[in-house]
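What follows is a short report on a single structure.
The values are calculated or read from the model by the stated rules, or taken from the named source; none is laboratory data. Computed from a predicted structure; not experimentally measured. Note that we place each Cβ from the backbone using ideal geometry, even for glycine, and neighbour counts take in every protein chain shown. Side chains are part of the model used for accessible areas, which takes the heavy atoms of the whole protein and leaves out ligands, DNA and RNA. Shrake-Rupley method; radii C 1.70, N 1.55, O 1.52, S 1.80 Å.
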Amino acid sequence: MQSKIARALMVLMVFVAPIGCGRAKAPQIQPRGTVVAPAYPVDATQALQLAEAKTTIEFNSNVLLWDQPTGPQVQAILDSTRQTRLLRADALDTINRELIPAKKKVDGLQAALQTAKQKVESAGTARDQVAIRAYIHSVTDQYVETTLKDLVAANAISAADQTHANLLWEGYCEGKLWELAVSPLLSRLYATRPTPNGFCDAYYTRKGYFADAELCGPAASADGKNYFSCIWTAGVLKSPLIPTTGIAANCANVTPPGAKLVTRPQAIASWIARDGSGPLQKALRDDTALPNLKTKTFGQLLVETILGGQQIPLQFKTQSPELFSCRKAFNNNLASVPAGRDVDASGVPYWQQDNPNNLLDIVEAGEGSALRYTLLPKTDHTELDHANFVKLGGVIAPFSVRDKTGGIKPSYSDSQLNEVIGQPGLVTIAANIDVVEMGPLFPKLTSFETKALSDLKAAQANAMADLAKAQDEWDAKKVAFNKVTMEAIKVNITDAAKVGEVEGASVFLNTYVMKIEKDGDRLKVRLAFEQMTDQVQVGCLNIATGSACDLTPEELGPNGHVARITFDRSSSLITLTFDLGEHPENLGFPVHPRNIEGGDIPFNAIAPATLAGKSFQVEVYGNQLRDLPIVTGNAYVLDGDGKSRLYTGSLTGDAFYQIKAQLFQANGLSK
Amino acid sequence: MFSPRPIIANLVLCALVGSTSAFAFEDTKVLPKGVRNLSIRTVDTRFNQTTDPSGASEPLAHLLYQDLTFAQVVRDDTKLKGAQLRGFMLQNGIQDKDSIGSFSAEITGHLTVIAPIMAFGITSKLTLALATPIYQAQTKTNVGFVPNERAQNLMALLAKPENAQIANGREAAGKLNDAVNRLNNKLANNNFQRLNAWNSSGPGDATLAAKYQYIDNSAMGLASTTGVVMPTGRRKDPDVLNDIPFGEGVWAPFAQIAVDEKLPQQFTVNQYAKYTLPLPGQKSVRTITYDELVEVGSTNARFKEGDKIDAGTSLRYDPSFGLVSGIGYSFLHKYGDVYRGDGVSTDSKKALQRWTDQTAHNAEFMLGYSTVPLYQQGRVPVPFSLRASYVKQLAGRNMPITNLAQFDFDLFF
């Protein structure tokens, strides 16, 4: 029986043994994916510009410390930081891609316009100037008088207005005479007598000015003639501006009524003698302009030239207060007849009491000026007023005005009607002929031009138009940059500070400036909290050896403190640490309450006693957001052992202001 | 992240080996008085699939198919870095619950049970039996992690110059690229075993049963079996996610009724029904919740395993020349476990009780040879039988899909 059992068990083993010897099937290998870790910028060194042999780059922005940061608080900071960076990168984009090209375009067009103008000026003789003068005379002769008559006939103005306007017109012409007489234009040599203004010639003829054939006749030779004596003797001295019969001079500083007064001619003589470096003296001292007067004494020359030979006892070296004061009166262009003076004002038109320069405003005041309606009074009809202005002041002013910006320039009337032979010592400045010739006054002028001149003038006009358009674009871009882009950055600074107002955190917010200077292997980092202290932390490191380098007293400066820095090449991570000492408030950490709404950006809610004996550390690495170098990193307040972090925070920064200043300076964008 | 509940749910193999025959192939026979029966039952199964509550099949390691969220990535960081990352997420509209990648895994298992069963005919109507199974089990696990597009987008966002969070990005990338190892580290830090291969062998729950035959005539048979499953087997280790328990750890009395209808030509139809009533017990569990599955502690919890119902029917053909064959159907249902007492929170109870109710429908096939009829005719000296069975799971709920191969050798003496 037992053997039977044993055989049965052996059979059992045959069946059982194979069972259970197998292993679990190998599971299918599960996929394991990876993400590509972001790499530090290839030009990580470029962001801090440390690949350069020698470089300086300055970052500034905010340092923010938290006591216990939360996600939403950090989100607010990240939002703000991101916005700041994008705004500033956009601003640099705007500078590089809009402002600089616009400025270069303006500069280029200005040069092109200058070239075009010079070509026109050079080709100025390429037209029949004799015919042009005759044509202009034909238009300007009696123009004002005729126009006034027409306006009366058309019931646009009354007869009284006409009389008033004629009277004021005479005052304007006297003003133009005065303007020429006292300007260096009169020191030029002319072939014929220059006219103060083409529109006024009829008036001058009526008044008998410039009738002296010897003084005012044509030049005897092709060398030209100086008409100073003509304008003065046969013009100014005949003018009601300068009465010769017992009218007292306007000597403002003369002693009270009853004191000795001098006649106007005496005052003029005194003024000329004592003009010093004034324009009259300059013109008179130009020997090439007055070669025939060289043999005479200076005073005699003046007296003979201006006063037509009248011999007035004149001691021009005498410091006579009366004469001195009178000269000042003329220099100041004061009115001919003083108010309140005991003078005989009979026969003097009321405009003679006005300042000679004001007489010019009768016509030359701009359309926006209050004097615009001096010649013709303002009505209740705007369109009528504008039409009247266009007929008179609107056409006469461009023709007649002499630009006095940076020294007097000839008017259109001067450049076309006055035959200049020589003007040594004076810069050749052409009148803006396009302002006149493009208008309705002289429609036939272009027929006197050669085709070449017409083309050059067209090119000049196009250059002016292009420049005006480019200037408008440049101005608009500047305005947009200042009022929109920079304003947004300014607002963002305040907004960025407001993230520190989030409740529930102990926050320290400050504004810093970090300057990184590299010279070879020597890396120097300066960290300053400029709004809180004048003290600066300076660290120096030899990046080849990794050891600290010494700082010279000049490098450290009177307010500098040595800081410790390290540099990690693989990530361009710079770590700067400095001790806060016993008085951290002196190093930029005073208690400073929040007052962001009041415009006080930095604030500090951590008491100096808490920070005393601790150290402050920042670790930053660089990056580049388009044209904007940026730094990102963390900031810590470390415990006394330099390891435990009592406060943690973030540091962000960019070199926007430095880059902006460099771009502005290099491209003249401030102009 | 993962449910430390039994990844491999109770295979209910205890019930399998606790029977004196294959699942469906019950009968009403008892041993003659004084006759002994030594049965060696060997069950072998390999598995890597399970069924979900709806009955659909899914990988056995489906509970390891989990998303890694942003919140989980930042949770372990320092206060500053965590705040920086969380602030960055908020800034870019990334939610805590957003997935950054997915874990996947496969677990394969192999289980062999050798169960010696000793039976003795007390009387001609009453047979007593004792089963003492020996388990040998092994699992292998492979875990993977694939970051999704959101992860790569996050890296790109961190690296953008206007954000300039490269340092944090590199750190986050490092974490993602080491996710599987970090997972295992996290498990280990929380006293779980790392997800590596596991194997073990040892005794399972022993079963003591008494079968009484009420009726046995030419037309039918009727018998009942009562007994108890004894907690001798290795229990589920709450710190090992991929182990196989060898026992439930509680006493579980049961009662079964079986009926044979004896048909002509040596066919027999059988039906049976069995009810198992596990008694309340205590065991060590991890206090998981639906939201937190790893960083949890342990505690001893009072629990009551769900009652079980087994039922089946079969058709057998046992001709006198010794062939044994049959086909059958069996049904198993286990009710859900219940945890009690104040030692476990309500949320933990819910998590522990989830998916503990089980159902299975099986088909079985048997073929073998028995010398008992010939022995009874005096034509063979040793009465024994040898059977091979195959159990195919037709459907299930919350059950590993385990198609079993079973070999039974019976020796009568």
Looking across region B:389-401 at residues that are in a strand (DSSP E or B) and more than 14 Å from chain A (Cβ to nearest Cβ), the single one that is farthest from B:Glu364 (Cα to Cα) is B:Arg397
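Say we look at region B:3-30 and pick out the residues that are more than 18 Å from the chain's Cα centre (by Cα) and open to solvent by less than 20 Å² (accessible area, probe 1.4 Å); which of these is modelled with the highest pLDDT?
Only one residue tops the list, namely B:Thr28.
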Counting only residues that are more than 13 Å from chain A (Cβ to nearest Cβ) and among the β-branched types (Val, Ile, Thr), region B:36-73 contains a total of 3
Filtering region B:334-346 for residues that are of a type outside the set (A, V, I, L, M) and open to solvent by less than 90 Å² (accessible area, probe 1.4 Å) leaves a count of 7
_A:Ile606 - would you say it is closer than 18 Å to A:Thr84 by Cβ, touching a residue at least 60 places away in the same chain (Cβ under 8 Å) and surrounded by fewer than 23 Cβ atoms within 10 Å (Cβ to Cβ)?_
no
Within region A:64-107, the residues that are open to solvent by 30 Å² or more (accessible area, probe 1.4 Å) and outside any helix (DSSP H, G or I) are A:Asp67, A:Gln68, A:Thr70
When every residue in region B:142-159 that is surrounded by fewer than 20 Cβ atoms within 10 Å (Cβ to Cβ) and aliphatic (A, V, I, L, M) is compared, the one farthest from the other protein chains (Cβ to nearest Cβ) is B:Leu157
Per the filter on region A:68-95, residues facing chain B (nearest Cβ under 7 Å) and among the charged types (D, E, K, R) are A:Asp79, A:Arg82, A:Arg85
Within region A:527-566, of all residues that are closer than 22 Å to B:Ala164 by Cβ and without any contact (Cβ under 8 Å) to a residue 60 or more places away in the chain, the one least open to solvent (accessible area, probe 1.4 Å) is A:Ile565
Taking region B:293-316 and the residues there that are surrounded by fewer than 21 Cβ atoms within 10 Å (Cβ to Cβ) and hydrophobic (A, V, I, L, M, F, W, C), the one that is farthest from B:Leu241 (Cα to Cα) would be B:Leu315
When (1) more than 14 Å from every other protein chain (Cβ to nearest Cβ); (2) more than 30 Å from A:Ala102 (Cβ to Cβ); (3) within 42 Å of the chain's Cα centre (by Cα) are applied to A:Lys660, the one that fails is (2)
If I filter region A:442-457 for residues that are more than 23 Å from A:Ala131 (Cβ to Cβ), at pLDDT 80 or above, assigned to a helix (DSSP H, G or I) and not aliphatic (A, V, I, L, M), do I get at least one hit?
no
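Starting from residues that are assigned to a loop (DSSP other than H, G, I, E, B) and touching a Gly at 6+ places or on another chain (Cβ under 9 Å), keep the ones in region B:367-388 and report whichever is surrounded by the most Cβ atoms within 10 Å (Cβ to Cβ). Walk me through it before giving the result.
From region B:367-388, those assigned to a loop (DSSP other than H, G, I, E, B) are B:371, B:377-383; that's our starting set.
Filter once more, keeping what is touching a Gly at 6+ places or on another chain (Cβ under 9 Å): B:371, B:380.
On the way: B:Thr371: 19, B:Val380: 16.
The qualifying residue surrounded by the most Cβ atoms within 10 Å (Cβ to Cβ) is B:Thr371.
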Taking region B:100-141 and keeping residues of a type in the set (D, E, K, R) and either more than 7 Å from chain A (Cβ to nearest Cβ) or under 30 Å from B:Gly221 (Cα atoms) (or both) leaves B:Lys125
Problem - Test result for B:Tyr290, among the aromatic types (Phe, Trp, Tyr) and either out of contact with any helix residue (DSSP H, G or I) (no Cβ under 9 Å at 6 or more places or on another chain) or surrounded by 15 or more Cβ atoms within 10 Å (Cβ to Cβ) (or both) - result: no
The residue from B:Arg170, B:Arg182 that alone is farther than 27 Å from B:Leu293 by Cβ, open to solvent by 70 Å² or more (accessible area, probe 1.4 Å), among the charged types (D, E, K, R) and within 14 Å of chain A (Cβ to nearest Cβ) is B:Arg170
Of the residues in region B:266-286 that are open to solvent by 40 Å² or more (accessible area, probe 1.4 Å) and either in contact with a His (Cβ under 9 Å, 6 or more places away or on another chain) or touching a residue at least 40 places away in the same chain (Cβ under 8 Å) (or both), the one that is farthest from B:Lys29 (Cα to Cα) is B:Ser284
